[in-house]
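Quick notes on the structure that follows.
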Amino acid sequence: MTDASRKFVTPLTFEAVSGNKVHTDTFQDALSHITLTAAADLMIIAPATANSIAKFACGIADDMLSTCFLSFRGKVIIAPAMNWRMYENRALRENLRALVSRGAVQAGPERGSLACGDEAVGRMSEVGEILEYARSALTRKDLSGKKIIVTAGPTREYLDPVRFLSNRSSGKMGFALAREALRRGAEVVLISGPSSLAPLRKAEFFAVETAEEMRKAVFENLKGSSAVIMAAAVSDFSPDTKDRRKKEKSDVLSLPLKKTPDILAEIGSMKKRPFLVGFAAETGACTDRARRKLLAKGADMIVFNDVDSPGSGFDVGTNQVTLIDKNGESPFPLMPKDEVAGIILDRIVDFIP
Ligand code: C5P
């Protein structure tokens with residue numbers, strides 16, 4: 001912590017909440033500004049003030065933070081936070097540019113309400129966002145130069161302007177896949193049905209509603225893609241007709257349905273196509289149907305999950321999957337969806353040129 005930061009929060013507070021020692025004085029332990037940084041993989045400066053940024057850019061080392069910065073050899077993430085007038089200052093901008101050109105990653109700042117009451121750019125990025133930069137900085141870029149299309153969430157099939165058929169998909173698995181592919185350096189196109197999750201900043205994002213709209217978005221983006229991962233729970237049926245006006249209650253006692261376009265199967269039947277991954281959400285642990293789906297849809301891999309088993313499937317942060325391809329089945333234990341995304345992408349990396 002710098003002298004200035006200790007005017008706002010005491011070191012004791014940070015020690016208590018983090019369970020770690022807080023370093024403030026370069027001379028308290030003669031070598032700490034070397035030993036601490038030598039043991040670290042990543043340095044995050046958050047919030048980074050205009051003063052600290054200027055010192056880093058010029059190589060000034062006159063306190064614990066700036067000496068640590070100067071001795072550190074790993075990846076650096078800088079999350080500026082200051083008044084918008086300071087952030088627009090040319091000296092600050094040139095200092096930041098110098099740091100970025102030397103390899104530092106700049107995270108933010110964001111537009112928002114500042115301490116002075118103005119609504120402008122200068123707010124420190126959300127902690128989750130800064131952590132995402134940290135994860136990305138520590139991830140091997142084994143998908144760099146690859147374009148990956150990911151579909152996520154449910155679709156909605158309308159019977160009239162008010163009512164629709166849909167399913168329980170939250171979009172979590174698809175978004176986790178898109179996030180992990182971004183961390184690994186891929187160019188990501190994320191096509192999602194209605195979901196409460198925030199679009200990923202670095203992905204090209206398409207919000208769709210119906211299976212037909214999802215199909216259109218997938219095919220418009222297909223060119224140049226190395227893999228398509230269909231994590232969306234595309235509705236298999238839609239009402240045979242859609243009324244322009246809200247139907248009378250008495251008119252919908254039975255509902256004729258038609259099949260939606262099967263996007264996965266349509267790509268699967270193409271002669272030249274990207275690596276193709278489908279999902280099979282089933283109730284029950286038997287993988288027979290999923291294995292049949294691999295063949296019927298012409299996919300390269302099917303991710304099977306039993307949505308009935310606890311902690312797996314819809315709306316939870318974890319999933320228990322079996323990866324099925326022409327070589328056989330690989331079952332995995334229950335794990336966070338981020339990790340499931342990791343093992344799926346590991347497989348894809350092995351297959352795509
Ligand atoms: O046939 P089923 O719906 O179980 O297949 C699931 C897989 O097929 C998922 O990957 C899903 O995204 C995809 N799918 C599709 N188009 C449909 C229905 C499912 O691409 N109309």
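The set of residues in region 307-322 that are within 13 Å of the ligand (Cβ to nearest atom) and surrounded by fewer than 21 Cβ atoms within 10 Å (Cβ to Cβ) contains only V307.
Here L253 clears all of (1) more than 12 Å from the ligand (Cβ to nearest atom); (2) hydrophobic (A, V, I, L, M, F, W, C); (3) out of contact with any strand residue (DSSP E or B) (no Cβ under 8 Å at 6 or more places or on another chain); (4) under 28 Å from R215 (Cβ atoms) except the condition numbered (4).
The set of residues in region 139-156 being surrounded by 15 or more Cβ atoms within 10 Å (Cβ to Cβ) and away from the ligand (no atom under 16 Å from the Cβ) consists of T139, L143, K146, K147. The set of residues in region 131-157 that are basic (K, R) and either in contact with a strand residue (DSSP E or B) (Cβ under 9 Å, 6 or more places away or on another chain) or not in a loop (DSSP other than H, G, I, E, B) (or both) comprises R135, K146, K147, R156.
Only strands (runs of 3 or more DSSP E) whose full extent lies in region 236-353 are considered here, and the ones with at least 2 residues that are aliphatic (A, V, I, L, M) are 275-282, 301-306, 321-325. Across region 202-235, which residue is farthest from the ligand (Cβ to nearest atom) among those that are over 20 Å from the mean Cα position of the chain (by Cα), within 16 Å of D262 (Cβ to Cβ) and assigned to a loop (DSSP other than H, G, I, E, B)? That would be L222.
Tell me which residues, restricted to region 101-130, are loosely packed, with under 14 Cβ neighbours inside 10 Å and assigned to a helix (DSSP H, G or I). Across region 101-130, the qualifying residues are S101, V127, G128. Would you check if there is a residue in region 23-36 being crowded, with 17+ Cβ neighbours inside 10 Å and in contact with a Gly (Cβ under 9 Å, 6 or more places away or on another chain)? No, because not a single residue in region 23-36 is crowded, with 17+ Cβ neighbours inside 10 Å and in contact with a Gly (Cβ under 9 Å, 6 or more places away or on another chain). Looking across region 238-279 at every residue that is among the β-branched types (V, I, T) and under 30 Å from A341 (Cα atoms), the one that is surrounded by the fewest Cβ atoms within 10 Å (Cβ to Cβ) is identified as T260. Annotation note: Cβ proximity below 6 Å between a residue of region 268-281 that is farther than 12 Å from D300 by Cβ and a residue that is of a type outside the set (A, V, I, L, M, F, W, C) and near the ligand (Cβ under 9 Å from one of its atoms) (sequence gap 6+ or interchain) occurs for A280/K293.
All of the numbers you see were taken from the coordinates with simple rules; none came from a lab. Because the structure is predicted, anything quoted here is derived from the model rather than measured. When we count neighbours, we look across all protein chains shown, and the Cβ atoms used for this are built from the backbone with ideal geometry, even at glycine.
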